Amino acid sequence: MNSVSVYNNRELSWLDFNERVLMQAADETVPLCERLKFLAIHSANLDEFFMIRVAGLKDLISAGYKEKDISGFSPSEALNKISIRVHKQDEKSASIFNALASELIKLKIFIFPLEPFDMEILDEIFDTEISPVITPVMISEIEKIPFIFNLKLCFFVELEIENKVYDALIILPENVKKVYKIKKSKKSYYFTPENIIERYIDKIFPGYAVKDYFLFRVTRNADLPIKHEDVEDLLSAIEENISARKWSNIVRVEINREISNVLTNKIKYYLRINGDYEDEDFYITNRPLNLSFLFNIKEESRGLYYKPFKPAIPDYLKNKSIFDIAKKKDILLFRPCNDFKIISKWIAEAGNDKNVLSIKMTLYRTDKNSKIVEALANAALKGKHVCAVVELKARFDEEKNVKWAKKLEEAGCIVTYGFSDKKIHAKIFLATRKEEGKIVRYAHISTGNYNEYTANIYTDIDYITAEEEACSEISNMFNYMTGYSDIFKWSRIKLAPVNLRRTLAELFDFEISEAKAGRRAEIIIKVNSVFDAEITDKIYAASSAGVLVKMIIRGICSIKPGIKDLSENIEVKSIIGRFLEHARIYYFYNAGNEKVFISTADLMTRNLDKRIELFFEIKDPESKKKLMDIIECNINDDLKSWLLKEDKYTFNTREDSKFNCQERICNKFCGEK
């Protein structure tokens, strides 16, 4: 493409996605306490965005990098536009928070109540739980400001005594509750530690007059890459990286209210913020700085929450061995509609099965109390050959993965860490079993993590097969990841960065040739994100040739649909609902011989070139039909869909809208016999 204007900017597109999350908090059709959670999710998403994406752009500026990206923005131009967007989103977030708090008051639920309240209860909480664990620090030329860690809440307090002004700091400790709930006279009152401290701030500094104060927190750079050429011990390098992250540069300062120029200059001085870090990195929120406490708002009224949801086990799998079923037919499950315990119990069954000889598995993001990791360790302790390929570089899960890796090694598992310069993002499990004197392999391929917690809130595909060719290539894939060999013929599976980009190009090109010949050509892609110039250009080429391209893209999208003579045949929608859309499904009409694939790969440069990803065609007719039904439901959704036209998303506001794809899919899979 000659013009950079045909690509959406990555960071701004992501901010569009996060605004769609924020708008769920404003959606009156969403139960009230669920709206609070969306507000908290939006805030947490933004924290990570600053720690990684904004930090990365600042690093480029510091390095003198001025080149423009495919959307036409230099790093400094992108940062400027990001700041404008985020300031607007902060204002919207504060407005929504205050509106929701007002709605809760009508239900006798009070967040930070201003009405008369029995202070004796708060006195006790402050005196027994908060005051003993806080340490006010006076700041002077001798006592410099203590180091403030990433996202730590702090009070800056200006004090006066005998006509002299002093500055002090209160850093909130982590070993206090996130929220205190007081139930009285059928009313619920919620207080955060910072809210309680604010009420008692005079008591913390006896003898001083409190002139002014404010709450703030800093966000630090967490985008600290490992220098691959220097890595000899990846485990040690990751541990060093985790430690270094705590002491990194500040990329954002948040303050909970408007403050004077005098106080602004003071906090800049103490935090040593100057130059490029003066104005655009300061955010006045006018709402609680840390909204994670909203996850802890717990009320008994069912009407404040989504209807209870219980993941189902299909009748044909109840009280049955997965091995017995899978040797007869492939199994396709859809999270969270189908219970992920089917998978975790099968892995445990493999560990206890006397006929299972070996177990191999990738681990990317696991649960804090992972039963799957426990099952792998148990299998090794029982003498089975267990190989775990642990991805230590999974962002913000590095520390947890280091811990699991050491636990598995102690149990006797063979633990490898893949590649220093590539993340292993594929999710696969392979059990080798001896049956009637023959070796039989069973594979599990998934679009989602082996994580018991996120399995209840993310949509994903789980696929189990005993197909010989597929299992053989999965076995080869493990050998590739553990460094045994990289010379394999890949027929049944496609692999990034080996041949996935080429495979996608061939699939696109066939549809293009069909359209140019005047025959039906259609592509449907459901992924999390699209951001790659080569792929975007190929999709534009397909549209220009007459291929109908339908895309369900939850997050980042570099494509601009609806541009005349370029992208008029492209439809892009984003579905934001109760569950986080995470499954990746690819469909190609293929001259009537329809092909459907599941994958861990998004259409991002990082996925295609810098990660180990799996792309697998579903050939089993029954499973293929289920995937087609999921795709159709996504396309038909008109209740939770946002439609993209060039660089603008609009929410479907038709009064006759009635199709919620998440509800329809769950009803279908929960009722499966």
Of the candidates THR192, ASN150, PHE282, the farthest towards the positive dipole end of the chain (Lys/Arg Cβ +1, Asp/Glu Cβ -1, centred on the Cα centre) is THR192
Along the dipole axis of the range 576-673 (charges at Cβ: +1 for Lys and Arg, -1 for Asp and Glu; origin at the Cα centre), the most positive-end residue among ILE630, ILE618, TYR589 is ILE618
Heavy-atom accessible area of MET604, protein chains in place, probe 1.4 angstrom, given in Å² to nearest 10, is 0
Here the relative contact order (percent) of the range 372-455, from C-alpha pairs under 8 Å and at least 6 apart, is 25
Taking Cα pairs closer than 8 Å and at least 6 residues apart, the relative contact order of the chain in percent is 12
Per the range 496-670, sqrt(5λ) over the Cα gyration tensor eigenvalues, sorted largest first, in Å, gives 23, 20, 17
In the range 315-489, taking the dipole from +1 charges on Lys and Arg beta carbons and -1 charges on Asp and Glu beta carbons about the Cα centre, the listed residue (ILE461, THR362, SER472) farthest towards the positive end is THR362
So the carbon and sulfur contribution to the accessible area of the range 496-670, 1.4 Å probe, in percent, is 47
The range 73-110 and the range 341-373 have their Cα centres apart by a whole-number Å value of 42
1/(1 + (r/R0)^6) with r = Cβ-Cβ of ASN265 and GLU436, R0 = 60 Å, i.e. FRET efficiency to nearest 0.05, evaluates to 0.15
Answer in debye to the nearest 20: the dipole magnitude of the chain about its Cα centre, from +1 Lys/Arg and -1 Asp/Glu charges placed on Cβ, is 1940
Mean accessible area per residue over the chain (1.4 angstrom probe, all protein chains present, square angstrom) is 44
Scalar couplings 3J(HN,Hα) for the range 77-94 by Karplus 6.51 cos²θ - 1.76 cosθ + 1.60 (θ = phi - 60°), nearest whole Hz, x for Gly and Pro, are 5, 5, 4, 4, 5, 4, 4, 4, 4, 5, 4, 5, 5, 4, 4, 5, 4, 4
Probe 1.4 Å, all chains present, heavy atoms only: LYS538 accessible area in Å², nearest 10, is 60
Residue span ALA517 to ASN636: 0.36 nm per residue of separation minus Cα-Cα distance leaves a gain in nm of 40.0 nm
Taking only the alpha carbons of the range 410-565, the radius of gyration and the largest Cα-Cα distance, Dmax, both in angstrom, are 19.3, 63
Matching label for the computed Cα extents along the principal axes in Å, out of (i) 88, 63, 57; (ii) 72, 60, 49; (iii) 86, 77, 58, is (i)
proj_area_mean for the range 504-572 (convex hull on C-alpha atoms), units nm², value 4.0
Relative to the chain, whose Cα atoms define the longest principal axis, helix 500-516 and its Cα axis are tilted in degrees, nearest 10, by 70
Within the chain, cysteines having no neighbouring cysteine beta carbon under 4.7 Å are CYS33, CYS154, CYS387, CYS413, CYS471, CYS557, CYS670
What helix-only [θ] at 222 nm does the chain give? Using -39500 (n - 2.57) per DSSP H run of at least 4, over all residues, to the nearest 500, the answer is -11000 deg cm²/dmol
By the mean-Cβ-within-10 Å protection proxy, highest first, 591-597, 62-68, 425-431, 657-663 rank as 425-431, 657-663, 591-597, 62-68
Measuring from its Cα centre, the range 1-156 shows a charge dipole (+1 at each Lys and Arg Cβ, -1 at each Asp and Glu Cβ) which, in debye to the nearest 20, is 920
To the nearest 20 debye, the range 496-670 has a Cα-centred charge dipole, built from +1 on Lys and Arg Cβ and -1 on Asp and Glu Cβ, of 300
Ordering 333-343, 555-565 by per-residue average of other C-beta atoms within 10 angstrom, highest first, gives 333-343, 555-565
Between LYS211 and TYR453, Cβ-based FRET efficiency (R0 45 Å, step 0.05) works out to 0.50
Computed over the chain: longest principal axis from alpha-carbon atoms vs helix 398-411 long axis, angle to nearest 10 degrees, is 60
Rounded to the nearest 10, the angle in degrees between the Cα long axis of helix 468-481 and the longest principal axis of the Cα atoms of the chain comes to 50
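The values are calculated or read from the model by the stated rules, or taken from the named source; none is laboratory data. Predicted model, so just to flag it, every value in this text is computed and none were measured. In this analysis, Cβ positions are derived from the backbone assuming ideal geometry, glycine residues included, and neighbour counts consider all displayed protein chains. Ligands, DNA and RNA are excluded from the accessible area calculation, which covers all protein heavy atoms including side chains. Shrake-Rupley method; radii C 1.70, N 1.55, O 1.52, S 1.80 Å.
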